[in-house]
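First the structure, in the form of structure tokens, and then the observations on it.
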Amino acid sequence: MEDTKTAPRTTRARNRRGEGGRLRDEIITAAMELLEESGDERTVTLRSIARRIGISAPSIYPHFPDQPAIMLAVVRQAFEELDRQLRTAGAHVGDDPRQRLHAVCHAYLDFARNHPERYRTMFGGLWMPTLGDTLTEKDLTTLGSASLRLLAETLDDCAAAGVADSTDPPSDAIALWLGLHGLAHQRAVTRVFPWPNDIAERLITALAHLRD
């Protein structure tokens, strides 16, 4: 029986010369959709992607050498989206560094809650990459660096304004991210738990060394 989740939407028109970038974007989008629909990386294959967008599987090779390369592109795009949402949240609250830090942290938690499958993939819950011909150590260590840098910069602003006692914002930003990630993960996997209403504020205040 045909798998309706991976069936092609329509017969895809062939790209005109110079439009190869559009097909690359469609491949990434299809992979993201398959992943979020199934919650299983194994459903993201060259064949399922090709079927989804109405092309032959070999048409993918000029853009991606294999499935891990496609997954890396998916994860990169997810981190770029996360970074955009964090920056937008921080920009909307004005110049107060404490409010900006809280806005950025809550935007992080909102992203994890609103995109659970995507979030788990970003941090290895669904995607377990291995180094090889198409994935390098640099590919993996740079994932999320922009968002972490934003968190450190925002925390540094709090320290400069005298609302935080952090003496090492880059290291404290890592500790704060680990706390946010832990909270996001536990909220996702714990069906019933009496979370305090202010648990996020408590966590942010403690790990960012914010003053009362």
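The values are calculated or read from the model by the stated rules, or taken from the named source; none is laboratory data. In this text, all values refer to a predicted model and were calculated from it rather than measured experimentally. Cβ placement follows ideal geometry from the backbone for every residue including glycine, while neighbour counts extend to all protein chains displayed.
Structure notes:
- Residues considered: ARG191, ARG211. Of these, the only one that is in contact (Cβ under 8 Å) with a residue 12 or more places away in the chain and exposed (fewer than 12 other Cβ atoms within 10 Å of the Cβ) is ARG211.
- Residue match in the range 141-153 (condition: surrounded by fewer than 20 Cβ atoms within 10 Å (Cβ to Cβ), of a type in the set (S, T, N, Q), assigned to a helix (DSSP H, G or I) and at pLDDT 95 or above): no
- Breaking point among (1) among the small types (Gly, Ala, Ser); (2) within 17 Å of ILE70 (Cα to Cα); (3) in a helix (DSSP H, G or I), for ALA107: (2)
- Selection from the range 165-212 of residues that are more than 22 Å from ARG113 (Cβ to Cβ) and not hydrophobic (A, V, I, L, M, F, W, C): ASP165, SER166, THR167, ASP168, PRO169, PRO170, SER171, ASP172, HIS209, ARG211, ASP212
- Flag for HIS181 being surrounded by fewer than 18 Cβ atoms within 10 Å (Cβ to Cβ), more than 20 Å from MET32 (Cα to Cα) and not assigned by TED's automatic domain parsing to the domain that holds SER38: yes
- Only listed residue being under 25 Å from VAL74 (Cα atoms) and charged (D, E, K, R), chosen from ARG202, ARG149: ARG149
- Among (1) touching a residue at least 60 places away in the same chain (Cβ under 8 Å); (2) surrounded by fewer than 17 Cβ atoms within 10 Å (Cβ to Cβ); (3) closer than 29 Å to THR134 by Cα, the one test that TYR61 misses: (1)
- Tally, over the range 1-59, of residues that are at negative phi, in a loop (DSSP other than H, G, I, E, B) and modelled with pLDDT of 50 or more: 9
- Residue satisfying condition, being at pLDDT 85 or above, buried (at least 18 other Cβ atoms within 10 Å of the Cβ) and acidic (Asp, Glu), within set ASP110, ASP172: ASP172
- In the range 144-189, the residues that are under 16 Å from ARG98 (Cβ atoms) and of a type in the set (D, E, K, R): GLU153, ASP156, ASP157, ASP165, ASP172
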